[in-house]
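Step one of this worksheet: look at the structure below.
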Amino acid sequence: MNFESAPKRQFNGKPDTERSRSVLIIRFLHPSTLLRIQLIGLFGVDSILNFIFFKGPGDQKIMKKTALFLLSGVFFLVSFSAVSQTTQEQLQQIRSKVVEVFEGKEYYIHTVKRGQTLYRISKAYNVDVDELIRENPQVKEGLKADQKLRIPAAGLKPAVKETKPVVKKEKSVATNEKVVTTTDTLFKPDSTVQVELLPCGKDTTTKKAIYQVALMLPLYLGEVDQLNAEDPGPDIFETSKSLQFLPFYEGFRLALDSLEKTGLRIKLYVYDVDKDTARTRQLLKKPELKSMDLIFGLLYHRNFQMVAAFAEKNKINIVNPVSERSDLVTGNPYVFKVRPSKRTQAGQLAAFMAQSFYRGQVFIIRNGQYADKDAPERLKKECQDLNMNVQIVEGQEAAIGRLSKEKDNFLICFSENPAYTIDLTRRMYELRNEYNLVVVGLPDWPAMEGLETEYLVTLKTHVMSANLIDYDNLYVKKFVRQYQNTYKSDPSLLAFQGFDMSLYFLTALKNFGTNIQRCLGEVKMNLLQNNFDFSQKKGNGFENQHWSIYKYENYKLVKAN
C-alpha cells in the first residue's frame, strides 16, 4: 500500500477570482500542498470544487473498449432414468429458497430438518462437504434440527439456454450455388432466462478509462471569510463549521493519490452541500451529475435522502460514510451504508463467540437502563441458532448465582451506564480466582471514564467497535506520518474514515467497473478503521455488517476477529 502523495496535476481552467478567498484559506491550512482548486459558482454561496485528475496530454488517450461476447460449447440433451429423476427431485425439495448476500456473495440459508446429513445437504446444493464446514464451523459439533446453515449459491449455477440458428439456403445470383446464411433463429430467447455471468474482474463491459466521481460534504465555503488566517487560534478546527468536515476530504485524497499511482484515473467533483435542501435540489439539476459513476455523500439526513433518490433514478451507486440509520438502504439498491447499525451487533458477536467461546456457557446480563430493550433477545436468538448454551439473566447478581467452576463463563453486559458498568467489572474482578470469566462489553466502554484497566485485562474483556484506531498498526503509522507531512496536523477520526472509503470503493471501481455490487466480496483489504462486510436484502441497498472485536491484552486493545 502506497501512501505517498501524488505528483503535480494539470487542471482544466483557472480559479474563479470571485471565490479565491476559499482557495486562500485552504492553502493557509495546508501550506505544503498548495491545493489547486477550481471553484465553479452555481449561485450565491454554493460552490463546486472540481478536481480534474489528469497528469498530462498523454493521459488523454482512451483505450477502446471492445464488447466481449462468448459463444462456445454445444449442449446435448441427456435423458435420465426414472430413478435418477426421483433422486434429483428429492434433492431439489431439500434446497432452500431463502437467499441472502454476505460480503457481496450470495448464500442459501438452509434450515436443517430432522434426519438430514451433511453429505445429503452438500449434494442438494452441489457443494463440497469441506466447503460447507468452512462456512459453518459449528457443524463440527453435529447437526441439529432447525439449525441455520449458510451455503454458497455458486454451487448451483444458472443454466444457459441455447438459441439454435436456422440455416437458410439461398441461391447466389452470380454462381447459382446455394449460400448458407444464419439470419433467423429457431426461437427467440426467453427474456427470463438466466445467463451465467463472467467472473469478477473478467467482465470489462463496465470498465472505463476515466471514472467520474462526486464527493459531497458540508464545507460551508460561504463562511470562509469569517476565519482569521493571520491568527486562527488553537481551537479553529472545533469552532469553525468550514473546517469540521475537511479532514474527511484530506484522508480521501491521500487514498486517491495512492490509487492513482496504480493506474486508476478519476475525474473528481467536490461539492459543498450544507443543510439547505433548496440548494441541494438546485445542485441536482447540474447536468454532469447524471454522468457520475459513484457518489460519496457525507451529508445531513434529509440532503442524503434527496441525493440518494437522484442516484437511484439515474442508477448511480452512492456511499453513506457515517450514518447508522438502516432505513437509508430501504427500497434503494444503489445505497451503500458503511457504518454498521447497532442492530447488526448480535449476529457478528454470536458468530465470533461460536468460534471462540463454544465450550462455555453464555450469560446475557440485561440492564433495564439500556436503550435498546430488544438487544438481549436478538443476541440470544443468534446464539441459539448456532447451538450455543445461552441464557438471559436479570442483573449481575443473577449471573453470579449461575456461574460454573467447571466451565468457562462468558458475560455479555448491555450497559452504557458508567456507574453500573464500573460496579459490574469490580464485582467480577473480585471473583476472578473462583471462576474462569470473560466479559464482553459495548463499543462505548473503552472511552468510559472510571473503568479500571486492571479489571478489564484480568477479566479478558472484549468490546465491539466500528471506529477504534490501532495506532500500533503498521499501516496506521504510515497513514499518520503521511497525513502529518502533507497537512501539518494530526488526523482526526474523519480523516481515517475518508481514507478507508476512498481506498475501498475506488479499488472496487478500478477492478470491477461501475457494476460493483456483484463483486464487492472480492475486495479484500485491511482498512485503517473497520473492515467491510456488506449484506443486502432483496430490493434494498447494501449495509455493512462488520463490527471489529477487540480484547484487552497486555494493557492495550488488540483486534480479536
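Derivation of every value follows stated rules applied to the coordinates shown; laboratory data play no part. These numbers were taken from a predicted model, which means no experiment stands behind them. All Cβ positions, even for glycine, are placed from backbone atoms using ideal geometry, and neighbour counts span all protein chains on display.
Summary of computed values
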quantity	calculated
Inter-centroid distance (Cα atoms) of the range 367-431 relative to the range 518-547, Å	29 Å
Pairs of alpha carbons in the range 96-154 whose separation is greater than 18 Å (percent)	24 percent
In the range 464-561, the trypsin sites (Lys or Arg not before Pro) that fall in loop regions by DSSP, at most 14 other Cβ within 10 Å	Lys488, Lys524, Lys537, Lys538
Residue-count net charge about Pro443 - beta-carbon cut-off 10 Å; Lys, Arg +1, Asp, Glu -1	-1
Per-peptide average of other Cβ atoms within 10 Å, ordering 262-273, 142-153 highest first	262-273, 142-153
For the range 93-99, Karplus couplings with θ = phi - 60° (6.51, -1.76, 1.60), whole Hz, Gly/Pro x	5, 5, 4, 7, 9, 8, 10
Flagged links, alpha-carbon separation over 23 Å, of Lys261/Lys478; Lys275/Lys337; Lys148/Lys537; Lys407/Lys556; Lys148/Lys559	Lys407/Lys556; Lys148/Lys559
Whole-number percent relative contact order across the range 96-154, with pairs defined as alpha carbons under 8 Å at least 6 apart	44 percent
³J(HN,Hα), Karplus 6.51/-1.76/1.60, whole Hz, each residue of the range 272-280, x for Gly, Pro	8, 10, 9, 6, 5, 5, 5, 5, 4
For Met464, Met501, order by how many other beta-carbon atoms lie within 10 Å, fewest first	Met464, Met501
Fewest-first ranking of His462, His301, using other Cβ atoms within 10 Å as the exposure measure	His301, His462
Net +/- balance of residues flanking Gly513 in space, Cβ distance below 9 Å, scoring K and R +1, D and E -1	+1
Under 5 Å, built H, 5+ apart or other chain: amide partners of Val440	Leu411, Ile412, Cys413, His462
Burial ordering of Ile392, Ile412, fewest other beta-carbon atoms within 10 Å first	Ile392, Ile412
The range 330-408: GluC sites (Glu not before Pro) in DSSP loop, at most 13 other beta carbons within 10 Å	Glu406
Distant-in-sequence amide H partners of Val270 (H built 1.01 Å from N, under 5 Å)	Leu49, Asn50, Phe51, Leu215
Added length on full extension, which subtracts the Cα-Cα distance from 0.36 nm per residue, Ala145 to Lys559	145.6 nm
FRET E, pair Gln93, Ala209, Förster distance 51 Å, beta-carbon r, rounded to 0.05	0.55
In the range 430-519, chymotrypsin sites (Phe, Trp or Tyr not before Pro) in a DSSP loop with at most 10 other beta-carbon atoms within 10 Å	Tyr471
